[in-house]
Amino acid sequence: GRGRGREREREREREREDMKQADAHTQLLESSELKETKSYRWSSVIAPFLFPALGGLLYGYDIGATSSASLSLESSSLSGTNWYDLSSLQIGLVESGSLYGALIGSLLAFTLADFLGRRRELISAAAFYILGAGLQAGASSFVFLLTGRLVYGLGIGMAMHGAPMYIAETCPEEIRGTLVSMKEGLIVLGMLLGYLTGYLTVDTVGGWRITYGVGAPIAVVVAVGMWWLPSSPRWLLLRACKGKADMKVSQEKAMAALRRLRGKEIEEHAISSQVEETLQSLQSVHDEASFLEIFEGSSLKALIIGGGLVLFQQITGQPSVLYYAASIFQSAGFSAASDATRVSVILGFFKLLMTLFAVWKVDKLGRRPLLIGGVSGLICALFLLALYYAFAQGASALAVVALLLYVGSYQVSFGPISWLMVSEIFPLRTRGRALSIAVLLNFASNAVVTFAFSPLKELLGTAGTFLMFGIIGVVALLFVIFKVPETKGLSLEEIEAKLSA
């Protein structure tokens, strides 16, 4: 009887242990679910994304606005000036003036970005946007107009450096890909807004002043929004690790910034844990990274990946293919092709739709699948365009399909993913300067492709030029397959560790 009693007691003890383990497991699951649901609130994510991304929208707006403004400027009846008789060189300077300003802005970002921080850099970019838009809208001479174009470009260079950094460093890693890619969506939305504004004002005397002036109030919204937002927590901690700020004060500021960025309902231990994780990744940072350090170790590996992506983004023909959009639509018999601004609006809508598709899928499929699939489609489109101009100019439908395939493929691959990867992969210690180099390379290669297109077309012919871009596309695809890592779902610290391995 005693033996059976002891056995029953042991069984009851085992049952109690099993119940304890079950309760502990349940609590763990509930804690995990709570952590997942409380890691951020969407309502708190919108502002830290939207205000920096509007800096990208103003870049896209300039592209769209200039396409119609240049037509208005050349018209004796619509320019509203007595200096409308611009040479082809002067028109070229107007169209590319902001690009030269962006190159200078990129150099400024290289020098000042880590000192200013992401927030103040974007406020500075907004100030350049406001001043540049005002100079353009009120230009009394070609020199003033060109000055305005250059000043506006300074804003582009700094915004395209600061915006992806701020978004990547402040948003939750679960949706980082979606948000940074959505920034590209706002660039395309800006293009569309520029095309629409140009379309509405192209028949108005002095309409180009209105078109350029619209950028100013949007830039005011950026400035006010960034003034209200907190600094990047990672930048605050980086400054402390470099001995340029008090560590305790910086930790408190970083935690306060994270509370604002994640929402008041987020638990305090989650905030403390994230600050501690970032600090651990910065333990080796004691002073300012030297210029040569960018070209060493994991920084060099990241620079090859990021630089390669933004370079191939341009030298696969992106600035040039759209040059033929109007003639391709016209050959297909579309009435909209009689008006270049309407064609631009059509393509703007299509680019926006394809960008939204990339935004929807980037954190589900990952970066590499979109890059590989998109670049493959881009290559097919370039070879089809080469075939069309070489042998099949009667088959206008082929050209339209190829053009749409190119635009769609670009917008799900190089368009958003290049900027996303560039914002993710650089080590925090060298991120500011390394990203400046990537942005500078992007604008420089854009300028080279834009100005080399006409000589290349004359040397190789239209078909030969598109064939050359297609071959470069094949090289780009091999680069993506063998060099570009997957970063989906990884924190910036985990990406840095992955590249250091």
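Among residues of the stretch 123-145 that are in contact (Cβ under 8 Å) with a residue 40 or more places away in the chain and under 24 Å from Leu54 (Cβ atoms), those with a Cβ under 7 angstrom from a residue that is among the aromatic types (Phe, Trp, Tyr) and open to solvent by 10 Å² or more (accessible area, probe 1.4 Å), sequence gap 6+ or separate chain, pair up as Ile123/Trp227. Would you say Pro369 is within 19 Å of Thr487 (Cα to Cα) and open to solvent by 50 Å² or more (accessible area, probe 1.4 Å)? In short, yes.
The residues listed here are Glu458, Glu486, Glu493; of these, the one that is in contact with a helix residue (DSSP H, G or I) (Cβ under 6 Å, 6 or more places away or on another chain), outside any loop (DSSP other than H, G, I, E, B) and of a type in the set (Asp, Glu) is Glu493.
Taking into account only those residues within the stretch 227-258 that are open to solvent by less than 40 Å² (accessible area, probe 1.4 Å) and of a type in the set (S, T, N, Q), which is farthest from Ser281 (Cα to Cα)? Among those residues, the one meeting the criterion is Ser231. Restricting attention to the stretch 461-483, the residues being without any contact (Cβ under 8 Å) to a residue 60 or more places away in the chain and either under 13 Å from Val321 (Cα atoms) or touching a helix residue (DSSP H, G or I) at 6+ places or on another chain (Cβ under 7 Å) (or both) number 1. Under 7 Å between Cβ atoms, at least 6 apart or on separate chains: pull out the pairs that start in the stretch 165-189 with a residue that is aromatic (Phe, Trp, Tyr) and end on any residue that is open to solvent by 10 Å² or more (accessible area, probe 1.4 Å). Note: pairs meeting the criteria are Tyr166/Arg119.
Note on the stretch 99-140: residues that are open to solvent by 10 Å² or more (accessible area, probe 1.4 Å), in a helix (DSSP H, G or I) and among the small types (Gly, Ala, Ser) total 4. Of the listed requirements (1) out of contact with any His (no Cβ under 6 Å at 6 or more places or on another chain); (2) buried (at least 24 other Cβ atoms within 10 Å of the Cβ), Val439 misses just one: (1). Filtering the stretch 79-98 for residues that are under 18 Å from the mean Cα position of the chain (by Cα), crowded, with 21+ Cβ neighbours inside 10 Å and part of a helix (DSSP H, G or I) leaves a non-empty set.
The values are calculated or read from the model by the stated rules, or taken from the named source; none is laboratory data. Note that the coordinates shown come from a computational prediction; the quantities given were computed from them, not determined experimentally. Please note: Cβ atoms are built from the backbone with ideal geometry, for glycine as well, and neighbour counts cover all protein chains shown. What goes into the accessible areas is simple: the full protein's heavy atoms, side chains included, and nothing from ligands, DNA or RNA. Shrake-Rupley method; radii C 1.70, N 1.55, O 1.52, S 1.80 Å.
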